[in-house]
1. Does segment 319-336 hold any residues that are more than 16 Å from ligand 2 (Cβ to nearest atom) and in contact (Cβ under 8 Å) with a residue 40 or more places away in the chain, and which are they?
2. Could you tell me which of the residues V137, V193, V164 is touching a residue at least 40 places away in the same chain (Cβ under 8 Å) and either within 27 Å of A288 (Cα to Cα) or in contact with a strand residue (DSSP E or B) (Cβ under 9 Å, 6 or more places away or on another chain) (or both)?
3. From V62, V82, which residue is within 21 Å of R127 (Cβ to Cβ), over 18 Å from the mean Cα position of the chain (by Cα) and among the hydrophobic types (A, V, I, L, M, F, W, C)?
4. Assess whether S210 counts as being over 26 Å from D300 (Cα atoms) and open to solvent by less than 60 Å² (accessible area, probe 1.4 Å).
5. So, of the residues in segment 337-366 that are within 26 Å of G42 (Cα to Cα) and away from ligand 2 (no atom under 16 Å from the Cβ), which turns out to be farthest from the chain's Cα centre (by Cα)?
6. Within 18 Å of P341 (Cα to Cα) and either loosely packed, with under 14 Cβ neighbours inside 10 Å or of a type outside the set (S, T, N, Q) (or both): does that describe V158?
7. What is the number of the single condition among (1) open to solvent by 60 Å² or more (accessible area, probe 1.4 Å); (2) without any contact (Cβ under 8 Å) to a residue 40 or more places away in the chain that S171 does not meet?
8. Name the single residue, out of those in segment 295-329 being of a type in the set (A, V, I, L, M), more than 10 Å from ligand 1 (Cβ to nearest atom) and part of a loop (DSSP other than H, G, I, E, B), that is surrounded by the fewest Cβ atoms within 10 Å (Cβ to Cβ).
Amino acid sequence: MRFLDAGETHGKCLIGILEGFPANVKINIENINRLLELRQRGYGRGKRMEIEKDRAIILSGVRNSYTTGAPITIMIENKDYVNWQQYMDPISCDTEVKKVTIPRPGHADLPGCLKYGFDDARPVLERASARETAMRVAIGALCEELLRVFEIKLYNHVIEIGGVRIRKEYSFDDIGLFEKAQDSELFCIDREVENDMKKVIETAKKAGDSVGGVAEVICKNVPFGLGSHVHWDRKLDGLIAQAVMSIQSVKGVEIGMGFEAARRFGSEVHDEIFFDEQKGFYRKTNNAGGIEGGISNGMDIVIRAAFKPIPTLYKPLRSVDLQDLKEKEAAVERSDTCAVPAGSVVMRAAVAYVLANSLIERLSGDSLDVMVDNYKRLYKE
Ligand SMILES: Cc1cc2nc3c(=O)[nH]c(=O)nc-3n(C[C@H](O)[C@H](O)[C@H](O)COP(=O)(O)O)c2cc1C
Ligand SMILES: C=C(O[C@@H]1CC(C(=O)O)=C[C@@H](OP(=O)(O)O)[C@H]1O)C(=O)O
């Protein structure tokens, strides 16, 4: 598969085209809209989320709720466009009014202007904005529709915000815990700690500051054999890392034990191999996070990402005006204070896309029936 998404944060809409998705997969549009709604939630979001009500409008590639194998086009409307058309209309608009000439440290403003030769960061931030992640979530949700047929399920939750970390020890088998986390304001399994996380966000907001954090995605029931050890660009861990790292504000990606493995002895890290007539090969631990040698090993795939704090600060950092090269306070745009919960949903979508793509490759699927047959042959016989 491949997908392309387009659209500016204050433009008319977002468009995504997903090509190579197999035919005959039943799509429940409500599942897609539910993930879109989850992405909009999360304590610490700004005023924009009060304007938008993201809904996926499918324009092609699906007929009577079944995919046809043709490219799937999705549109998500930007409700804020009515307030921006005079500054964003593709053919004729006022480009003098919404100029951003003092780049925000940490955003794409300065490198974007330098690279594209602009003295106004408006065209840069319009596309760099994480508004675009709404489409990535719609695409990922579509991929989850395929993964669900093979009982592969993904869960996202937040484990740390601004240095406040969940205290709870949890098992990846406790699915109820992760499902319940979706009902909380920060997608957190530890309600007590969640209050402390909210306090950190409040403190940042009052100070005109921002906070980041860490989110985790757990993928259950992933069959062995996705990805490959043979080429660098087919390694599942590499593909996941790229997809997750490309999310706005992600600065670190871990799989399984991640960075902690670098501090331990091999005997404390590697998951010993056992065999049982019923279960086949199995492990008692999953420090590898479900991937060895770039190939899924049949255990849960566990990914964590570190999100840096939001770059727009209401109490701005120092910057330099692109017009007169004088030191000034960075520009302030309407902004979130913390986007880690939303980021966890985007992360889940990014991983869903990679897993669906690898599954299609593995089960050589132009249509779902072929994939199901191949799945049975490989995993059930
Ligand atoms: C869901 C989400 C919402 C975000 N909201 C904002 C925001 O309101 N203001 C802001 O300055 N950055 C926001 N960001 C982060 C910027 O988009 C991001 O820092 C910027 O595009 C630069 O990319 P980089 O952080 O990957 O270097 C958000 C990120 C995510 C994932
Ligand atoms: C629009 C979304 O997030 C936006 C991401 C974003 C940024 O700079 O990344 C800046 C803000 O944009 P605005 O100035 O329009 O409020 C966020 O609201 C969204 O997540 O759907």
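The values are calculated or read from the model by the stated rules, or taken from the named source; none is laboratory data. All values derive from a computational prediction rather than experimental measurement. Ideal geometry is used to build each Cβ from the backbone, glycine not excepted, and the neighbour counts take in all protein chains shown. All accessible areas refer to the heavy atoms of the entire protein, side chains included, with ligands and DNA or RNA removed. Shrake-Rupley method; radii C 1.70, N 1.55, O 1.52, S 1.80 Å.
1. Answer for segment 319-336, where residues must be more than 16 Å from ligand 2 (Cβ to nearest atom) and in contact (Cβ under 8 Å) with a residue 40 or more places away in the chain: V320, D321, L322, Q323, K328, E329.
2. Working: V193 fails: touching a residue at least 40 places away in the same chain (Cβ under 8 Å); V164 fails: touching a residue at least 40 places away in the same chain (Cβ under 8 Å).
Result: V137 is the single residue among V137, V193, V164 that is touching a residue at least 40 places away in the same chain (Cβ under 8 Å) and either within 27 Å of A288 (Cα to Cα) or in contact with a strand residue (DSSP E or B) (Cβ under 9 Å, 6 or more places away or on another chain) (or both).
3. Numbers: V62 fails: within 21 Å of R127 (Cβ to Cβ).
So the residue among V62, V82 that is within 21 Å of R127 (Cβ to Cβ), over 18 Å from the mean Cα position of the chain (by Cα) and among the hydrophobic types (A, V, I, L, M, F, W, C) is V82.
4. Yes, satisfied.
5. L355
6. On the way: within 18 Å of P341 (Cα to Cα): yes; either loosely packed, with under 14 Cβ neighbours inside 10 Å or of a type outside the set (S, T, N, Q) (or both): yes.
The answer is yes for V158.
7. (1)
8. The extreme case among them is L325.
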